[in-house]
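Worksheet: the structure to be examined is printed underneath.
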Amino acid sequence: MTKMTLAKALNAGLRKAMEDDPKVLLMGEDVGKLGGVFRITDGLQKDFGEDRVIDSPLAESGIIGTAVGMAMRGYRPVCEIQFDGFVYPAYDQIVSQVAKLHFRTHGAVKMPMVIRIPYGGGIGAVEHHSESPEAQFAHTPGLKVVTCSNPIDGYWMIQQAIASDDPIVFLEPKRQYHADKADIDETAVPVPLFSSRIARPGADLTLLAYGPTVKTCLKVAEAAAGEGRSVEVVDLRTLSPLDLEPVYDSVRRTGRAIVVHEAHTNLGMGSEIAARITERCFYSLQAPVLRVGGFDTPYPPSRLEEEYLPDLDRVLDAVDRSLEF
Amino acid sequence: MSLLGPTAQGGPEFIQLLTPEGQRVEHPDYAFDAGGRDEAEVVRGFYRDMVLTRRIDTESTALQRHGELGIWTQLLGQEAAQIGCGRALLPQDFVFPTYREHGVAYCRGLDPLRILSLFRGVDQGAWDPNEHNFGNYTIVIGAQTLHATGYAMGVQRDGLVGTGDPDRDTSVVAFFGDGASSQGDVNEAFIFAASYNAPVVFFCQNNQWAISEPIERQSRIPLYQRARGFGFPGVRVDGNDVLAVHAVTQAALQYTRDGNGPMLVEAYTYRMGAHTTTDDPTRYRMSEELEYWKLKDPISRVKVYLTRNGLADHAFFDSVELEADELGVRLREGCKSMPEQHPLAIFDQVYVDQTPELAEQRDTFAAYLASFEGAH
Ligand SMILES: Cc1ncc(C[n+]2csc(CCOP(=O)(O)OP(=O)(O)O)c2C)c(N)n1
């Protein structure tokens with residue numbers, strides 16, 4: 001049992017994966033000596049050497065493109081994109097190459113690659129450092145997309161993602177990196193990677209969250225409980241594929257669902273989830289599925305981000321609207 | 001190769017007009033041109049520019065430490081590269097900066113408070129680029145080099161290259177760092193500019209570091225030599241020597257304005273501060289290296305030169321100091337009293353022609369915000 005932050009848990013998970021499999025490599029900008037700008041790879045170059053923890057030249061397309069070649073040569077590259085907004089120079093490699101190679105070779109080529117991206121806002125950063133690009137990747141067949149919300153998931157999910165033979169975009173809520181600590185039992189058996197999880201049971205309404213908004217929604221549930229409302233919170237964990245059976249069960253019980261994410265609301269994950277819930281739980285619904293998300297503007301300057309991000313009040317407001325529908 | 005060996009010296013093709021010891025030297029190809037003014041007066045002007053630029057930087061660093069800015073990109077050590085280049089520009093020239101060109105911005109007449117508002121998080125650097133022919137700060141590294149190239153292609157099509165009229169011929173400067181030189185965008189910009197013979201000066205401040213990665217990670221050859229492979233000339237200048245940077249940039253600007261196509265200037269300098277105020281360079285570089293570069297400080301060599309040659313007296317240095325203090329006060333006060341944007345403003349900045357759905361989102365949010373009024 002070790003108490004760790006998400007940052008430390010990810011670091012420990014990466015270390016474990018590298019110990020377990022000599023083919024695992026880390027690549028990215030500043031991941032070596034510096035240990036990454038968030039220190040997620042701290043100490044790994046010192047212990048595993050420069051051949052396994054690779055400080056790359058400053059070119060994201062180069063990182064992902066060379067990782068494709070490494071994967072073809074039997075390695076398991078784990079690529080770090082320094083911030084969400086800097087993944088786009090690599091977007092072509094990710095959507096046109098990484099995502100398609102298995103398909104177009106009828107399975108002859110596997111892409112066991114993990115693309116780690118710190119994402120989400122709330123850290124007072126400048127432009128391009130607070131974005132939530134998950135839907136862009138979830139929309140791309142051939143990629144899988146997962147996101148952790150807490151240290152325990154961080155520790156296990158990164159190892160499971162590295163062990164997967166499919167390419168995985170692994171989103172890390174950067175605001176949570178150093179926020180909370182949790183006890184991690186390294187001998188436990190983790191839940192499967194592509195599964196959602198009920199983070200807090202409830203009876204009146206279901207909140208669907210992932211990554212940074214799980215914590216927000218747990219607070220909402222706490223606040224709602226004070227007003228006599230029982231709110232269930234589901235941590236989706238996997239965005240592609242979605243694991244919605246537990247969600248359908250939940251919504252059939254509560255009759256109400258709200259999806260909460262930081263990404264733009266228009267065509268965000270919430271749109272897909274709302275559609276599927278409507279298709280599968282139509283007769284159980286007592287209110288339309290609501291979405292609370294970032295507005296459909298570019299991410300704002302940091303002094304306006306509190307208003308932009310779904311917070312306790314905005315989610316509570318949606319809870320009221322759903323319950324009063 | 002030792003870090004303090006040939007690399008730090010800049011190599012044989014290093015253009016210098018003022019040594020770190022404040023010794024004025026000549027170069028066969030690049031002469032300092034005071035533009036018909038008294039040379040001492042011009043050098044005093046550069047000194048003042050560099051001191052004020054450094055003050056903008058140190059004051060902003062302090063403001064960040066006091067929580068008034070979210071982050072600050074320090075330029076400490078790069079004053080000569082920026083002032084030498086900035087002062088070589090003609091009014092019609094156009095600049096595409098990175099996120100660190102505070103000294104160039106100052107030369108172009110942009111109020112530093114416009115920059116502080118970006119780092120304070122009030123806006124994202126919302127100045128009109130046409131106001132001072134100074135583009136918007138670009139954080140995605142390298143992207144602006146393509147913008148500069150396209151802008152220069154526009155200048156060409158406007159017939160403002162190679163006319164021989166010094167008031168009309170125009171050049172475009174693309175700033176970028178040694179790290180950014182690895183980006184596809186920068187390499188594509190080189191190719192486009194060469195292919196179309198566009199009037200672009202690619203101005204690379206090689207400050208030796210890209211966050212924690214040393215220049216050796218980006219290039220095995222001196223960066224200026226890359227230009228040759230793309231089919232245009234490149235030069236390396238002592239980026240801590242304001243006279244040499246001025247002379248070389250002036251020549252490069254004229255070369256491009258005359259219609260000879262692009263040129264690369266590598267200003268060989270050093271990032272004396274951290275990458276940004278959130279960075280901790282002690283994790284990846286030796287303090288000896290910084291001590292070594294302090295001996296090459298861009299400002300002190302000019303001060304030594306002016307003093308030793310009797311070109312400036314105490315009164316001059318004191319007046320510059322006083323001016324810097326006043327600037328510091330103005331920045332502190334201006335930063336703290338900067339007006340905030342209303343949260344609803346962002347909805348009106350997305351499109352030229354507002355969409356009905358975004359207008360509706362704005363109105364819904366306005367009603368939501370209004371529901372709190374008087375609640376607390
Ligand atoms: C496309 C992209 N990737 C990563 C980053 C994060 N980042 C910001 S500055 C920087 C280093 C840039 O180094 P260099 O080009 O040498 O310029 P310097 O900061 O030293 O002036 C990095 C990696 C970014 N801004 N854009």
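In table form, for the structure just shown:
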| quantity | calculated |
| --- | --- |
| Tally, over segment A:112-124, of residues that are surrounded by 24 or more Cβ atoms within 10 Å (Cβ to Cβ) and part of a loop (DSSP other than H, G, I, E, B) | 3 |
| Output for segment B:92-117, where each listed residue is away from the ligand (no atom under 16 Å from the Cβ), more than 14 Å from chain A (Cβ to nearest Cβ) and assigned to a helix (DSSP H, G or I) | B:Y106, B:C107, B:R108, B:P112, B:L113 |
| Unique residue being surrounded by 14 or more Cβ atoms within 10 Å (Cβ to Cβ) and not assigned by TED's automatic domain parsing to the domain that holds B:F119 when the list is B:Q354, B:Q361 | B:Q361 |
| In segment B:164-180, residue nearest to the other protein chains (Cβ to nearest Cβ) [restricted to those that are more than 16 Å from the ligand (Cβ to nearest atom) and closer than 18 Å to B:L89 by Cβ] | B:V172 |
| Residue in segment A:6-43 that is farthest from A:M113 (Cα to Cα), counting only those that are outside any loop (DSSP other than H, G, I, E, B) and open to solvent by 20 Å² or more (accessible area, probe 1.4 Å) | A:K8 |
| Elements of type helices (runs of 4 or more DSSP H) in segment B:1-91, at least 3 residues being surrounded by fewer than 23 Cβ atoms within 10 Å (Cβ to Cβ) and at pLDDT 95 or above | B:39-65 |
| Residues being touching a residue at least 40 places away in the same chain (Cβ under 8 Å) and within 16 Å of the ligand (Cβ to nearest atom) - total across segment B:246-283 | 18 |
| Meets criteria (within 14 Å of the ligand (Cβ to nearest atom), of a type outside the set (F, W, Y) and assigned by TED's automatic domain parsing to the domain that holds B:D258) for B:A152 | no |
| Filter result for B:T277 (open to solvent by less than 40 Å² (accessible area, probe 1.4 Å), part of a loop (DSSP other than H, G, I, E, B), out of contact with any Leu (no Cβ under 7 Å at 6 or more places or on another chain) and at pLDDT 95 or above) | yes |
| Flag if B:T19 is of a type in the set (S, T, N, Q) and either closer than 30 Å to A:L304 by Cβ or in contact with a His (Cβ under 6 Å, 6 or more places away or on another chain) (or both) | no |
| Residue count, segment B:253-274 (criterion: among the hydrophobic types (A, V, I, L, M, F, W, C) and part of a loop (DSSP other than H, G, I, E, B)) | 2 |
| Sole residue being within 14 Å of another protein chain (Cβ to nearest Cβ) and under 19 Å from A:K16 (Cα atoms), chosen from A:E172, A:E80 | A:E80 |
| Subset of segment B:181-214 (residues that are within 15 Å of the ligand (Cβ to nearest atom), in a strand (DSSP E or B) and within 17 Å of the chain's Cα centre (by Cα)) | B:F202, B:F203, B:C204, B:Q205, B:N206, B:W209, B:A210 |
| Count of residues meeting criterion [within 15 Å of the ligand (Cβ to nearest atom) and among the basic types (K, R)] in segment B:118-130 | 0 |
| Residues within segment B:346-361 that are in a helix (DSSP H, G or I) and either in contact with a Pro (Cβ under 6 Å, 6 or more places away or on another chain) or within 8 Å of chain A (Cβ to nearest Cβ) (or both), tallied | 5 |
| Enumerated helices (runs of 4 or more DSSP H) restricted to segment A:231-325, each holding at least 3 residues that are within 14 Å of chain B (Cβ to nearest Cβ) | A:305-308, A:312-323 |
| Qualifying residue in segment B:44-54 (condition: over 26 Å from B:D241 (Cβ atoms) and assigned by TED's automatic domain parsing to the domain that holds B:L306) | no |
| Residue in segment A:133-146 that is within 13 Å of chain B (Cβ to nearest Cβ) and within 16 Å of the ligand (Cβ to nearest atom) present | no |
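One line per residue, one yes/no per condition, for (1) over 16 Å from A:S164 (Cβ atoms); (2) within 11 Å of the ligand (Cβ to nearest atom); (3) surrounded by fewer than 23 Cβ atoms within 10 Å (Cβ to Cβ); (4) at pLDDT 95 or above:
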| position | (1), (2), (3), (4) |
| --- | --- |
| A:A67 | no, no, no, yes |
| A:I81 | yes, yes, no, yes |
| A:P89 | yes, yes, yes, yes |
| A:V95 | yes, no, yes, yes |
| A:H102 | no, no, yes, yes |
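To keep it simple, each residue is scored yes or no on (1) at pLDDT 95 or above; (2) polar (S, T, N, Q); (3) in a helix (DSSP H, G or I).
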site: B:V122; (1), (2), (3): yes, no, no
site: B:N130; (1), (2), (3): yes, yes, yes
site: B:T149; (1), (2), (3): yes, yes, yes
site: B:A152; (1), (2), (3): yes, no, yes
site: B:Q156; (1), (2), (3): yes, yes, yes
site: B:G164; (1), (2), (3): yes, no, no
site: B:F176; (1), (2), (3): yes, no, no
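Residue by residue, here is whether (1) touching a residue at least 12 places away in the same chain (Cβ under 8 Å); (2) touching an Asp or Glu at 6+ places or on another chain (Cβ under 8 Å); (3) under 24 Å from B:V155 (Cβ atoms); (4) outside the structural domain of B:D279 (by TED's automatic domain parsing) holds:
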position	(1), (2), (3), (4)
B:L69	yes, no, no, no
B:Q74	yes, yes, no, no
B:A80	yes, yes, no, no
B:C85	yes, no, yes, no
B:A88	yes, no, yes, no
B:P91	yes, no, yes, no
B:F96	yes, no, yes, no
B:H102	yes, yes, no, no
B:C107	yes, yes, yes, no
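The values are calculated or read from the model by the stated rules, or taken from the named source; none is laboratory data. Everything numeric in this text was worked out from a predicted model, so none of it was measured. Don't worry about glycine lacking a Cβ; one is built from the backbone with ideal geometry, like all the others, and counts go over all protein chains shown. When the accessible area is computed, the model is the full protein with side chains, heavy atoms only, and any ligands, DNA or RNA have been set aside. Shrake-Rupley method; radii C 1.70, N 1.55, O 1.52, S 1.80 Å.
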